[in-house]
Each structure stands twice: as C-alpha cells, then as structure tokens.
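S.K.: My questions will all concern the structure given below.
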Amino acid sequence: MLRIGICDDNIAARLQLRSLLEQTFYAQQTEYQIYEFSSGEGVLHWFEKHEAELDLLFLDIEMNGLDGMETARQIRRHSAEILLVFVTGYSDYVFEGYEVGALDYLMKPVQPDKLGKVLTRVFSHLYTSANQFYLCRNQDGVYRIPRRDILYFASDRRLVLCVTATREYQFYSKLDAVQAELDDPSFVRIHQRYLVRAGAVSFIGENEVAIEDIRLPVSRSYKKDAILALTRAMLEG
C-alpha cells in the first residue's frame, strides 16, 4: 500500500490533487491511503508520532506560517527516506528543492500527465530501494522501516517487537519468519527470542551482547554461529 500525504493550506488545491491521485490509482488498481494537512506545522506535528508512515509527501511551497521549504528541512532532520514532491505556482522555487533531496516538483494546477510521470518515478524509486527497508505490518497499517535504523527484533510467543533508536513497532509473526523475510546476513540470530542487526552491536561478551545501553542474552544453541557472525561484522565495519 502506498501512503501519501498532501500538505497545502489551500483546500481547493488539496482536493484537486487528491482527485487526480484517486483517479490514477483506481485505473492502476493500486492500494493507497491519503492523508491531508493544511499547514507545515500540522504535518510536522503528525510526523513526530508517525515517522515511518508516509512513503510520499506532496508539499506546497507557498504556505502561510511555515512554508514548504522550511517544512521539508525539518522533515529531513528526522527522515532521509520519505519522498518529497514540491507543488508550486512559481517556477522560481524549483531549484531550492534539491537542497532537501526533493524527488520532483509539480506546477499548479497539477496536470494529469505531469502527475503520471512523477508517480512513475516514485514507483521506480520504491521498487529499487525495497531491499533497504523492512515492511512491518500491524493493525495500524504498514510501516517502511529503514533496515539501518533497526537495532534488534524481540519475540514473545507470536508477538514481535521491532526496536529502533527512536521507536518500537509491534506486530504478530514469528522470529523465524522475520529472519527469512529479511534474508540478510547482517541480521544475526543470538537467541530464540532475539534477532539483532550486527552493525548495532557495540560489545560482544561471553553470554551477552550490548546494543546501546541494552544487554541481550546469547543462548548456547546460537552462540557459536552468532559470535562468529558478529565478530566478522565488527572487523569488516
């Protein structure tokens, strides 16, 4: 599912873009969810609690209060992954978008053919970067979590916890399934209940490892392979 934000203080502009997106995705049979924001302050406030929940944000540059460019700068302090597309009525602002890593821009009023080209770039980018993310699915939706941000996974029966430096995500699965889905040697099983990202491990002890200020046990059955894989990762890193 593609999760899209539209941030514009003009309700007519938001509705026009939303309508074009809905028509496009209906024709493509693409699953999507659209969130609307009427200000830069509003999207930043929402973003504080929903950091990994948007794939793409259409951002108006000329807004009252916090303008689109400053909003983008503040978003980039938290996330380099979200795709930003600026929407503007003035071509003068276009080149400023490169400093915040904008994927593209659209001129107002948005034209269907221009939007189609931008969405083609969006889908291409998401496809090529798919192995850089872990898709976490729970009752709230689907989160695209950058793998490099993951510290470790912990399981308790069928409940799995994905822990990053800033947030925890709970979902129902089994750790064996998570490991198979990742299919990534940089994630190392150290225990029946723990799967760690090798690059996040700062200390390897006799029967435990440290990730930041967290100590996790290494079980006897996983110890030999885990210590070898983690030591190799430390030396290569």
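S.K.: Short version: ³J(HN,Hα) in whole Hz for each residue of the stretch 165-176, in order, from phi by Karplus 6.51 cos²θ - 1.76 cosθ + 1.60 (θ = phi - 60°), x for Gly and Pro, what are they?
M.R.: Once θ is set to phi - 60°, the couplings for the stretch 165-176 become 5, 10, 7, 10, 10, 9, 7, 8, 5, 10, 5, 4 Hz.
S.K.: Does a label point 7 Å from the Cα of Gln74, set along Cα-to-beta-carbon, have any residues of the stretch 1-39 with amide nitrogen under 12 Å, and which are they?
M.R.: 39
S.K.: Given Val87, Ile11, Thr30, which one lies farthest toward the positive end of the charge dipole of the stretch 1-113, if we put +1 on the Cβ of every Lys and Arg and -1 on the Cβ of every Asp and Glu?
M.R.: After comparing all options, I get Thr30.
S.K.: For the pair Leu135 and Asp225, what calculated FRET efficiency results from E = 1/(1 + (r/R0)^6), where r is the Cβ-Cβ distance and R0 = 22 Å, to the nearest 0.05?
M.R.: On the way: r = 26 Å, r/R0 = 1.20.
Computed FRET efficiency for Asp225 and Leu135 comes out at 0.25.
S.K.: Tell me, what % of the accessible area of the chain is carbon and sulfur with a 1.4 angstrom probe?
M.R.: Numbers: 6430 of 13100 Å².
Answer for the chain: carbon and sulfur cover 49 percent of the accessible area.
S.K.: Would you mind working out the magnitude of the charge dipole of the chain relative to its Cα centre, with +1 at each Lys and Arg C-beta and -1 at each Asp and Glu C-beta, to the nearest 20 Debye?
M.R.: On the way: 27 positive and 34 negative charges, 220 e Å.
It works out to roughly 1060 debye.
S.K.: For Gly5, which sequence-distant residues (separation of 5 or more, or a different chain) have an amide H within less than 5 Å of its own amide H, given hydrogens modelled in the peptide plane?
M.R.: Amide H neighbours of Gly5, under 5 Å, 5+ apart: Tyr35, Leu56, Leu57, Phe58.
S.K.: Using the Karplus curve 6.51 cos²θ - 1.76 cosθ + 1.60 with θ = phi - 60°, work out ³J(HN,Hα) for each residue of the stretch 142-151 in order, rounded to whole Hz, and write x for Gly and Pro.
M.R.: 10, 10, 9, 9, x, 4, 5, 8, 6, 8
S.K.: How far, in nm, would the chain grow between Ala165 and Lys49 when pulled straight, counting 0.36 nm per residue and subtracting the alpha carbon separation?
M.R.: Working: separation 116, 0.36 × 116 = 41.76 nm, distance 1.39 nm.
Here the answer is 40.4 nm.
S.K.: Which of the residue pairs Lys49/Lys174; Lys49/Lys114; Lys117/Lys174 have a Cα-Cα distance greater than 30 Å in the structure shown? Spell out each step's value before the answer.
M.R.: Details: Lys49/Lys174 26 Å; Lys49/Lys114 32 Å; Lys117/Lys174 39 Å.
Pairs exceeding the cut-off: Lys49/Lys114; Lys117/Lys174.
S.K.: Using only alpha carbon pairs under 8 Å that are at least six residues apart, calculate the relative contact order of the chain and give it in whole percent. Before the final figure, lay out the partial values.
M.R.: Working: 366 pairs, mean separation 26.2, N = 237.
Relative contact order here is 11 percent.
S.K.: Would you kindly find the accessible area of Lys223, with a 1.4 Å probe and non-protein molecules such as ligands, DNA and RNA excluded, rounding to the nearest 10 Å²?
M.R.: Estimated to the nearest 10 Å², Lys223 gives 50 Å².
S.K.: Then there's this: Would you please name the trypsin sites (Lys or Arg not before Pro) within the stretch 129-159 that are DSSP coil residues with at most 12 other C-beta atoms within 10 Å of their C-beta? Provide the component values of the computation, followed by the final result.
M.R.: Numbers: sites: Arg137, Arg144, Arg147, Arg148, Arg157, Arg158; in loops: Arg157, Arg158.
When the trypsin sites (Lys or Arg not before Pro) of the stretch 129-159 are filtered for loop state and at most 12 Cβ neighbours within 10 Å, Arg157, Arg158 remain.
S.K.: Take the Cβ-Cβ distance between Phe25 and Ile214 as r, set R0 to 41 Å, and report the resulting FRET efficiency rounded to the nearest 0.05.
M.R.: So the FRET efficiency works out to roughly 0.50.
S.K.: Give a quick list of GluC sites (Glu not before Pro) in the stretch 37-70 that DSSP marks as loop, anything other than H, G, I, E or B, with at most 15 other Cβ atoms within 10 Å.
M.R.: Values: sites: Glu41, Glu48, Glu51, Glu53, Glu62, Glu70; in loops: Glu51, Glu53, Glu62.
Answer in residue order: no site qualifies.
S.K.: Explain nothing, just the number: dipole magnitude of the stretch 130-208 about its Cα centre with +1 on each Lys and Arg Cβ and -1 on each Asp and Glu Cβ, in debye rounded to the nearest 20. Let's see the in-between values first.
M.R.: Values: 11 positive and 10 negative charges, 39 e Å.
Around 180 debye, computed over the stretch 130-208.
S.K.: In terms of Cα to Cα distance under 15 Å, which aspartates and glutamates are near enough to Lys223, apart from those fewer than 8 places away along the same chain?
M.R.: Glu206, Glu208
The values are calculated or read from the model by the stated rules, or taken from the named source; none is laboratory data. Remember, it's a predicted structure, so these values are computed and weren't measured experimentally. A quick note on method: Cβ atoms are made from the backbone with ideal geometry, for glycine too, and the neighbour counts reach across all protein chains shown. Keep in mind that these areas ignore ligands, DNA and RNA; they rest on the heavy atoms of the full protein, side chains included. Shrake-Rupley method; radii C 1.70, N 1.55, O 1.52, S 1.80 Å.
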